[in-house]
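Asks: There's a structure below that I have some questions on.
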Amino acid sequence: MLHLLLLLNYYSPLLVALAFLVVTPSPSLGFSPDAPAIRQPAIRSNDDTFVILGGTGRIGTAVASHLLLRAPKSRIILVGRDDERGTRAVSEVLGENPSVGDDGDDGDDSDNVSFRKADWRNDDELRSVIGGCTCLIHTAGPFLEEKPTPLRAAIDSGCRAYVDVSDPLDYLELSLAMSRDAEESGLTAVLAAGAFPGMSNVMAVEAASLCRENGGEGAGVRDTRFNY
């Protein structure tokens, strides 16, 4: 199931809320002003695996930290191209979450957060790191002139959820073209969950709602897509 869903702030809390769509996927396809509101679900499982592309960057580590606040025993895999940055990123996330995996045993809680070296633009490397994951979160921008290969890999690998912070319209159109494949695979995908074009589209949806409320019978919005 593929959703063009646009939100306000990609720095982490909203991305995390979207990542937990893995437990209650929405039945709608595409983006529509009439689509049901997505509510933040309660966590049913604490053992999901989240793979974060761009995991060594500022957004990636912030997302990882907020995921661990929601589900301390979940497994987080930070993906990047530099070993040194990967080591620092893991230390940063664990330092911000000292109680990660704290269940009273003497196990190594650092197993909850790990680094995998891979270039997401290399399809073989990408697929090797996302196999078996519950949710793929793509924060490795910029997205201009890129192809949505991570979304395709998530569909093919059997992931339950996918979230990205993409913004170029061409990228989004290519992603939306995979809607049927995503639906058939059981994947819930949330696109453009970042700051841009998030704010402008939230305003568009609000305008659509007011139009329906005040426009009388037959009032509605056919398309909220526009250039910016």
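Read-outs: derived from the displayed coordinates by stated rules, not from any lab. Every value quoted in this text rests on a predicted model; they were computed, and no experiment measured them. Here the Cβ is made from the backbone with ideal geometry for all residues, glycine too, and neighbour counts use every protein chain on show.
Asks: Would the stretch 68-197 count as rounded, prolate or oblate if I go by the C-alpha gyration tensor, calling it rounded below 1.5 in a/c and otherwise prolate when a/b exceeds b/c, oblate otherwise?
Replies: Cα axes put the stretch 68-197 in the prolate bin.
Asks: Then there's this: Could you sort 179-186, 129-136, 72-79, 161-168 so that the peptide with the highest average Cβ count within 10 Å comes first and the rest follow in order?
Replies: 161-168, 72-79, 129-136, 179-186
Asks: By how many nm would the segment from ARG58 to GLU184 grow when fully extended, if each residue of separation counts as 0.36 nm and the alpha-carbon distance is taken off?
Replies: Extra length from ARG58 to GLU184 when fully extended: 42.0 nm.
Asks: Report the paramagnetic label zone for ASP119: residues of the stretch 63-78 whose backbone N is under 11 Å from a point 7 Å from Cα along the Cα-to-Cβ axis.
Replies: Residues passing the 11 Å test: none.
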